[in-house]
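Only one structure is covered here, and it is reproduced in the block below.
The values are calculated or read from the model by the stated rules, or taken from the named source; none is laboratory data. Only a predicted model underlies this, so the values are computations on that prediction, with no experimental measurement involved. Neighbour counts run over all protein chains shown; Cβ positions are idealised from the backbone, glycine included. With ligands, DNA and RNA removed, areas are computed over all heavy atoms of the protein, side chains included. Shrake-Rupley method; radii C 1.70, N 1.55, O 1.52, S 1.80 Å.
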Amino acid sequence: MNIALVADQPETASCPALFLAAPASGQGKTTVSAALARMLKRQGKVVRVFKTGPDYLDPQILHQASGEPVEQLDMWMAGEAYCQTKLFEAARDADLILIEGAMGLFDGEPSSADLAARFGVPIALVMDVKGMAQTAAAVATGLVNFRDDVQFAGLIANNCGSERHRQLIEDALPENLPLLAHLARSEDVALPERHLGLVQASEVTDELEIRLNNGADWLEQAGLADLLARVPSVDFHMAEMSDVPELLKGQRIAIAKDEAFSFIYDANLRLLEEMGAELSFFSPIHSNVLPEADALWLPGGYPELHAEKMAQNQPMIEQIQTFHQSGKAILAECGGFLYCLETLTDLDEQQYPMLGILTGHGAMRGKRGCQGMQTAPLPEGEIRAHAHHRSRSADTDEPIAHGRRQRHPAPGEAIYRSKHLTASYLHLFFPSNPEAVAKLFKPE
C-alpha cells in the first residue's frame, strides 16, 4: 500500500484488491471470502472486507473472520462518492481489500460487475462446480466475455470432487481465465444458515471460529497461501464529500440491540454520532429499564425468534408505550415495526402480544418474502432503503406513504406514522440523506 498526492489531483492510495463474485447465489462466496480473510489474518496481514449491497448477516461473519470493520458498498443506496471514500480509506492502511459480491455477477442495478468495473477491481469468480466439468469452464467463459469493462483474476472452483475433476475444468478454461484454486468439498467450513440467510455471528461465535480456521486450512491446502503475492494493486482515489452538519447535537438516542434487534449499519451509527447524537443501547429482551433518551430506534432483526421473551418483559413494554405516548420520536424498521404492532405470530404459529403502539398484527410466512431496493418518500425527505422480510402485517391503519421501488412501478412497503413514531418494513441507509434522518430523530 502506498499514498501519492499530485498537484490538482485527488489523493490516491494503492492497495492489492480482489472482488469475489459468482454466477448465482449459493456458490460459496461468503465461505470463501471469510476463509480468505482468516487465512491472511493468520499471516499477520490487515484485510479490509467489503460486502456488496444491503446485507447485515454476511458482514458479521466477515468481521469476525478479518478482525476489521466491514462496510456495505452499494452505489445506488449509498452513492458512488461514499463507496469511493470507503475504499480509499481502507486502502490507506490495508494489505489487501476483499469485496464480496451479491447474487449473480451481473444481477441488479447496479450489479457487482458495475461496482468492480467502476473501481477497477479484478474479479475472482467463485463457482460451485459440483455435477459439471467442462460445462463449468463454458459458463465461466461466458461470464468473462459478457462485458469488456470488467477484468478477471481467475476462477475458484468450489466443491471440486477430485484431481481429475480439476484437470477437466482447467484444460477447458481460456488462457485469460486461470484456475486460481480448486476447493474440495468440506462440511467443516460450511456457515450456519436460517430463514433470512446466515445465522448471526454473535449467536455462534465459538462454532464460527472453528469453521473460519478450518476454512483457512482448506484454502492453504488448495495452494492459496501465497494469494496476496498474486493480487494486483488498485489505485483508489479520495472523493469529495460534504461535511456532516451537527443537526443532532445533544440529542440522546436509545437503540435496541440484542439477539432480536441487530440489523444495524455501522454507517448509520457513525452518521448519528457525527451529527452530534449521544447513543445508548438496550435490550427489549433482557433490559428492565429504557435508557434516558429523546428518541428511540428499533432496528430490524429476528424478533420472531424471541417473541415470547419480549412479550414477558412487561416493564420494557410499558416504558416504550409511555415513551410513545409522550410524543417522542421513534423509528421502527422491519423487526422493530413488528415489535410495535399488537401481536406477532412466530414460525410455529404461536401468537404473542407486542407493544401495541401501532394498530395491526404481524405473522411469519415461511419461505415466501419480499426484498429489494426502495426509496422511502417521507415528509422529512427521501431516504434510500431496502426491504428483506418473510413476514406480513394485517389490520393496520392507512399508511402515510409507500416505498418507491427501484425498478418496478408497483407500490413498495407501506410506511406508517403515529404521533412521532415512523414505522415500516424498510431498512433505511442514513447517509443517503442526513438532513431527513435528523428530522426523524429530532422532529420540529
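Structure notes:
- Within region 244-255, one or more residues are open to solvent by 70 Å² or more (accessible area, probe 1.4 Å), free of Cβ contacts under 8 Å to residues at least 60 places away in the same chain and under 25 Å from residue 73 (Cα atoms).
- Residue list for region 315-365, filter: buried (at least 18 other Cβ atoms within 10 Å of the Cβ), more than 17 Å from residue 389 (Cβ to Cβ) and β-branched (Val, Ile, Thr): 317, 320, 330, 357
- Region 199-233, subset touching a Ser or Thr at 6+ places or on another chain (Cβ under 8 Å) and open to solvent by 30 Å² or more (accessible area, probe 1.4 Å), residue modelled with the highest pLDDT: 233
- Output for region 111-130, where each listed residue is over 19 Å from residue 32 (Cβ atoms) and either part of a helix (DSSP H, G or I) or at pLDDT below 95 (or both): 114, 117, 118, 119
- Every listed requirement among (1) farther than 14 Å from residue 300 by Cα; (2) open to solvent by less than 10 Å² (accessible area, probe 1.4 Å); (3) assigned to a strand (DSSP E or B) is met by residue 437 save one, (3).
- Test for residue 88: is it among the aromatic types (Phe, Trp, Tyr), touching a residue at least 24 places away in the same chain (Cβ under 8 Å) and under 20 Å from residue 127 (Cβ atoms): no
- Only listed residue being among the basic types (Lys, Arg) and assigned to a strand (DSSP E or B), chosen from 51, 41: 51
- Filter result (of a type in the set (A, V, I, L, M) and without any contact (Cβ under 8 Å) to a residue 40 or more places away in the chain) within region 113-136: 117, 132, 133, 136
- Residue selected from region 395-411 under the condition open to solvent by less than 100 Å² (accessible area, probe 1.4 Å) and assigned to a strand (DSSP E or B), by the criterion nearest to residue 76 (Cα to Cα): 405
- Some residue of region 375-385 being in a strand (DSSP E or B), under 16 Å from residue 299 (Cα atoms) and of a type in the set (S, T, N, Q): no
- Those residues of region 83-107 which are under 15 Å from the mean Cα position of the chain (by Cα) and either open to solvent by 10 Å² or more (accessible area, probe 1.4 Å) or closer than 26 Å to residue 405 by Cβ (or both), in sequence order: 83, 86, 99, 100, 101, 102, 103
- Residue list for region 412-424, restricted to those being surrounded by fewer than 17 Cβ atoms within 10 Å (Cβ to Cβ) and part of a loop (DSSP other than H, G, I, E, B): 419
- Selection over region 229-288 of residues that are in a loop (DSSP other than H, G, I, E, B) and either closer than 24 Å to residue 86 by Cβ or of a type outside the set (A, V, I, L, M, F, W, C) (or both) gives a count of 29.
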